[in-house]
């Protein structure tokens, strides 16, 4: 079954016939985690770096923000038996509009928020496709852990 | 024939926009216009009237009693909503198809147009700008040029993409360089053929703020900001990606800070389910 991760949304699965996909990331970040031994995968599509701008929304939908969504994804993956030492992390998105500088550069802020959390928790990234002006779509097959990346203007590749 | 001559010919062959649009835009921008003035214009077009009543009576609007006339619909939905609904219907007709050159599936450009129009209206409300309806309509129709330029973009895609990736051209600078016209200019030409007001033509031509002077036009800045927000949210983003120029001066001019844009994004994301429902009934 194909599960679509919407904007500000997350899906985790250990069913081997499942595929998880998120479309059109823009400046949002698609965070993908896979653990091959217990065969579990998850995907988060968050939009904004910090829940500080709206605590009420963070409460009702933690997947909107990096600081509330990322811990939620890791938590669910671990609950399904994943081991930190075996996880594979893939990151896509964080694109920017041309000449979008500083605090207006949402893509870069979204990526920095992720890096802070990963660094603090000693988690490294396996592969990434971030920044630039491209729009991206990511798909993962739970059985194999294969990840497919579609980049606007370039088509789809398997990573 | 040059590409430009072919494009001009294509514009002339475009299906005309329903006649109700121009008088409706005139009347909604007139602060002295009454609800009756507005409904009179709409009911002049029986096809639109029937369509609007069907939509107004759908479960989405949850009316307690069915609206049997346009006057009923105006009373129950409010004239502002009614006008927006007419414009939504019309934009659907012209933007719903797929745009292969821009790698947009059927419905993607329409969804994006509706989303950016709703954001533009929200910002226009926040800034208490007059002409909210024309800002909404301009946002809905600003990318009409893409529907005609599409085939040309498809044919010249490699050249355009190369300029964006290797020469730091924005996508529309590359369109202009390779094809001779960009989608905003072409959209303005179409709007002109449809007899849109000079103000509306100007917003469509400048919705990516190609000239520095346009940064200081609030209506244009709001349409521009809503477009940037949609791009950041990945809505309606196709082969052109986010390769358009950002002009912070426009945000500064209308007094929208970086934090405000994040809040607009957070608010709008909660309305996306509503947008999906609206697209189904409209």
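What list do you get for B:214, A:1 if you sort them by fewest beta carbons within 10 Å?
By the 10 Å Cβ count, ascending: A:1, B:214.
Helix-only estimate, please: 222 nm mean residue ellipticity of chain B, summing -39500 (n - 2.57) across DSSP H runs of length 4 or more and dividing by its residues, to the nearest 500.
Using -39500 (n - 2.57) per qualifying helix, the result is -20500 deg cm²/dmol.
Please compute, over every Cα-Cα pair in region B:11-112, the percentage with a separation greater than 16 angstrom.
Of all Cα-Cα distances in region B:11-112, 60 percent exceed 16 Å.
Identify which of B:58, B:113, B:211 has the largest mean-square fluctuation in a Gaussian network model of chain B, with springs joining Cα atoms closer than 10 Å.
Ranking B:58, B:113, B:211 by mean-square fluctuation puts B:211 first.
Go ahead and set up a Gaussian network model of chain B, Cα springs under 10 Å, then flag whichever of B:213, B:48, B:90 fluctuates most.
Looking only at B:213, B:48, B:90, the biggest GNM fluctuation is shown by B:213.
Which angle between 0 and 90 degrees, to the nearest 10, do you get for helix B:183-193 versus the longest principal axis of chain B when only C-alpha atoms count?
Roughly 50 degrees between the two axes.
Let me check against my output: what whole-number percent is the relative contact order of chain A, with C-alpha pairs under 8 Å and at least 6 apart?
Across chain A, relative contact order equals 28 percent.
Take the Cα gyration tensor of region A:1-65, multiply each eigenvalue by 5, square-root it, and list the three semi-axes largest first, rounded to whole angstrom.
Values for region A:1-65, descending: 24, 12, 10 Å.
May I ask you to derive the relative contact order of region A:89-140, considering only C-alpha pairs under 8 Å and at least 6 residues apart, and to give it as an integer percent?
For region A:89-140, the relative contact order is 57 percent.
Determine, at each q value in 0.10, 0.14 (inverse angstroms), the log₁₀ of I(q)/I(0) that the Debye formula gives when each Cα of chain B is one equal point scatterer.
After summing over all Cα pairs, the log10 values are -0.51, -1.02.
Report the Cα-based extents of the protein assembly as shown along its three principal axes, largest first, to the nearest Å.
Over the protein assembly as shown, Cα extents along the principal axes are 69, 57, 41 Å.
Could you tell me the calculated FRET efficiency between residue B:11 and residue B:279, based on Cβ-Cβ distance and R0 = 22 angstrom, to the nearest 0.05?
E between residue B:11 and residue B:279, to the nearest 0.05, is 0.25.
Would you mind calculating the relative contact order of chain B from Cα pairs under 8 angstrom and at least 6 residues apart, reporting the percent as a whole number?
This gives 19 percent for chain B.
Could you compute the FRET efficiency for residue B:100 and residue A:127, with r as their C-beta to C-beta distance and R0 at 41 Å, rounded to 0.05?
Taking R0 as 41 Å, the efficiency between residue B:100 and residue A:127 is 0.85.
Modelled label-to-label distance, residue A:159 and residue B:258, 7 Å Cα→beta-carbon offset: nm?
Each label point is offset 7 Å from its Cα along the Cβ direction, giving 2.6 nm.
Taking the simple approach of a point 7 Å from Cα along Cα-to-Cβ for both residue A:116 and residue B:165, what is their distance in nm?
Each label point lies 7 Å from its Cα, and together they span 3.4 nm.
Per-residue ellipticity at 222 nm for chain A, helices alone: DSSP H runs ≥ 4 residues times -39500 (n - 2.57), over residue total, nearest 500 deg cm²/dmol?
Value at 222 nm, helices only, nearest 500: -7000 deg cm²/dmol.
Which FRET efficiency value, to the nearest 0.05, is calculated for residue B:19 and residue A:103 with the Förster distance at 51 angstrom and r the Cβ-Cβ distance?
Efficiency, rounded to the nearest 0.05: 0.65.
Among rounded, prolate and oblate, which fits region A:2-158 when a ≥ b ≥ c are the square roots of the eigenvalues of its C-alpha gyration tensor, a/c under 1.5 means rounded, and a/b larger than b/c means prolate?
Oblate shape, in that a/c is at least 1.5 and b/c is the bigger or equal ratio.
Sort B:121, B:192, B:12 by Cβ crowding within 10 Å, fewest neighbours at the top.
Fewest to most other Cβ atoms nearby, the residues stand as B:12, B:192, B:121.
How far, in nm, would the chain grow between residue B:81 and residue B:50 when pulled straight, counting 0.36 nm per residue and subtracting the alpha carbon separation?
Here the segment from residue B:81 to residue B:50 would lengthen by 9.5 nm.
Under a plain spin-label model, where a point goes 7 Å from the Cα along Cα-to-Cβ, how far apart in nm are residue B:68 and residue A:14?
6.1
Considering chain B as a Gaussian network with a 10 Å cut-off on Cα pairs, which listed residue, B:106, B:59, B:50, attains the greatest mean-square fluctuation?
B:59
What list do you get for B:10, A:59 if you sort them by fewest beta carbons within 10 Å?
A:59, B:10
Read the figures in this text as sums done on the coordinates, not as results from a lab. Note that this is a predicted model, so its numbers are computed, not measured. Glycine gets a Cβ as well: all are built from the backbone with ideal geometry, and neighbour counts include every protein chain shown.
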